[in-house]
Protein chains: 2
Amino acid sequence: MIETSSRLLELLTLLQGRREWPGNELAGRLEVSGRTIRRDVDRLRRLGYPVDSLSGPGGGYRLRAGTAMPPLLLDDEEAIAIAVGLRTATRASVTGIEETAVRALLKLEQVLPGHLRRRVRALGSATVALPIAGPTVDPQHLTVLAAACRDLEAVRFGYRRRDGVASRREVEPHSLVNHGRRWYLLAWDRGREDWRTFRLDRLTRPAVTGARFAARPLPARDAAAYVAQSISNAPNRFEAVVILCAGYDSIRERVPSHWGTLEPVDDRCCRFRTGDDDLGWLALRIAMIGVDFEVDEPPELLEQLRTLSARIARAVG
Amino acid sequence: MIETSSRLLELLTLLQGRREWPGNELAGRLEVSGRTIRRDVDRLRRLGYPVDSLSGPGGGYRLRAGTAMPPLLLDDEEAIAIAVGLRTATRASVTGIEETAVRALLKLEQVLPGHLRRRVRALGSATVALPIAGPTVDPQHLTVLAAACRDLEAVRFGYRRRDGVASRREVEPHSLVNHGRRWYLLAWDRGREDWRTFRLDRLTRPAVTGARFAARPLPARDAAAYVAQSISNAPNRFEAVVILCAGYDSIRERVPSHWGTLEPVDDRCCRFRTGDDDLGWLALRIAMIGVDFEVDEPPELLEQLRTLSARIARAVG
DNA sequence: TGATTTAGGTCAGGATCAGTCCTAGATATC
DNA sequence: GATATCTAGGACTGATCCTGACCTAAATCA
């Protein structure tokens, strides 16, 4: 019953687009009798989608929240908004949903029509990135790699190590792991014949080779644990230790957890450890907290702060 | 044929969750014969969803991107990621999709099961907002008001004017308009018997009254135009004019358009006009551009910058 | 070449569907 | 309290569709 199925989907579309619909209006839209609408509503209910109904003048049908997600029927604009929203959500805006956001994005991008995909890409490049917010990850890379992980497809990409040495890699991707503002790819490096973690912001032009591979057993309990260990062995270029002149409780909420660790020293001071590859961003991050502070290390940060202070002083004076 | 419809949806779910499925595996999952799977695939194709197929060993079915969006079938985690992503997308992360993001969010929230709604709300409060990024809009308010606009339902809320005077309003909401980092509600104020625009970050506890109203004709061409005019009459608390010591082309991309207007003065300087209610945020915004600058006005900004400079100087020693 | 996998025609029995007609409740308005 | 406007759903009928079984064709990979 192809017609019934598509009519049910259309009915769901209508119910999702407006709060309330009188039965005969639905009948008119779908070009069936009112009796059929009543039967369709009954079908939706038996499928688990809770459709409320109100008798009397001004009554009608409305789709309520149930216990499971009904299929989402989106128009073009909404699909674009969701794609863009998910792309920003992968940038660690909220702790803990980045990985799921990539999964949802992958599902959406798989079926996103070409013309919408182009529009999303155009909007993506218009994203307002703070100039000193550090390197960002191309969401396109995220979805390519996530798909390769899911489908067990080998990938090739260019990689630039922290010391600047560039190389071409071919890997068997295992999983994507998010940590703070960063994304890491855990993969078996075919050239090195060993497991490696790659920072996505240092990776260029990833492309699937087309070849499938057989999954290998991980050398750790799970991917996140392995990556966490790798990171701790390869810290940031600059690691800062700062004393903040404010009580722990009063600033805890103003310091996002992925910026670093915050620990109380006494009633009026905290020690804040944070790291980054970009000195400018590191300096600003500390200035943004908005309380007095003292820099313990590194010396380069002091230099950077002097520059910033001098610039402001020049402007003021 | 209720069973056929739900099986088609289930088939779409499976096809959306993995790249490729062999026919007999689908048959096993859905507990029907292979012949029925072939017929179902045909049905999906006739409904407009492009299902590719590959013969031979290692072949199978895969869902391709078509010309229209198929219904999105999400699991719980993905629905949460989308809801959170849309909520952040409403915060002007990308220019021009905020209004659509609200519409999509509204559609999703209408059918989001209760337990997921709670999880989204919990995550929302964990959002990492920069401490000095200025007032933010509760996405909950956005969806309540958007629903009221769509359904022509009167709303009551508390409102605090710029001068601090608080009042209780009852309005007939017309539309939500996004401008820069801000949201405005355009509505007919029942108490004042006139059209008003309300800033969402100054609005507390909006709730629908339950009463419906008849749509009134707008006093302007469209809502965005009306709000734009209202805003220009009620500027920010602080309006800054700054000379940036850098060529127009070299910094144009580093200054988001909603921060203010940027115009070239000569080859090496630009004039930057920007406003905000929060001096701290205003000062930091200018410092963040990362080039030398001179402040023309206001005097309060100079004061604020002196404080910032002094704080950094103290830290540097 | 042979094994695997999709494609699709045909058939038969059973199930489902849509429209028509009708009665029963619920609810808001006059 | 009467009335108009809604949804709810039973019964009937003729037409339509669905599924599984069986079979042949074609593509593809090792």
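Scanning residues 5 or more positions from A:A65 or on other chains, none has an amide H under 5 Å from its amide H, with H placed 1.01 Å from N in the peptide plane.
Backbone amide hydrogens, once placed in the peptide plane, bring B:E297 within less than 5 Å of B:V241, excluding anything fewer than 5 places away on its chain. Each principal axis of the Cα cloud of the protein assembly as shown was evaluated for its coordinate range; sorted largest first, these ranges are 79, 75, 52 Å.
Database remark: amide H of A:V255 closer than 5 angstrom to no amide H (H placed geometrically; neighbours at sequence offset of 5 or more, or on other chains; Pro and chain starts carry no H). Label-point spacing for A:D267 across the identical copies (point 7 Å from Cα in the Cβ direction), in nm and ascending order: 6.2. Between region B:167-227 and region B:9-81, the C-alpha centres lie 45 angstrom from each other. Placing a label point 7 Å from the Cα of A:G114 along the Cα-to-Cβ direction, the distances to the matching points in the other copies come to 4.7 nm, shortest first. Sorted from nearest, the other copies put their B:E20 label points 5.2 nm away, the label point being 7 Å from Cα in the direction of Cβ. For the residues of B:108-118, the average number of beta carbons from a partner chain within 10 Å of their own beta carbon is 5. The 3J(HN,Hα) values that the Karplus relation (6.51, -1.76, 1.60; θ = phi - 60°) gives for region A:301-307 are, in residue order, 5, 4, 4, 4, 5, 4, 4 Hz. Gly and Pro appear as x. Per residue, the protein assembly as shown reaches -13000 deg cm²/dmol at 222 nm when only DSSP H runs of four or more residues are counted, each adding -39500 (n - 2.57). Computed from label points 7 Å out along Cα-Cβ, the spacing between A:V241 and A:A211 is 4.8 nm.
Counting only other chains, what is the mean number of Cβ atoms within 10 angstrom of the Cβ of each residue in peptide B:290-302? Before the final figure, lay out the partial values.
Working: counts 6, 2, 5, 4, 3, 3, 0, 0, 0, 0, 0, 2, 3.
Mean partner-chain Cβ count within 10 Å for B:290-302: 2.
Per-residue shielding of B:14-27, expressed as the average number of other chain Cβ atoms within 10 Å of the residue Cβ, stands at 2.
None of the figures in this text is laboratory data; all of them are computed from the coordinates on show. All values derive from a computational prediction rather than experimental measurement. Here the Cβ is made from the backbone with ideal geometry for all residues, glycine too, and neighbour counts use every protein chain on show.
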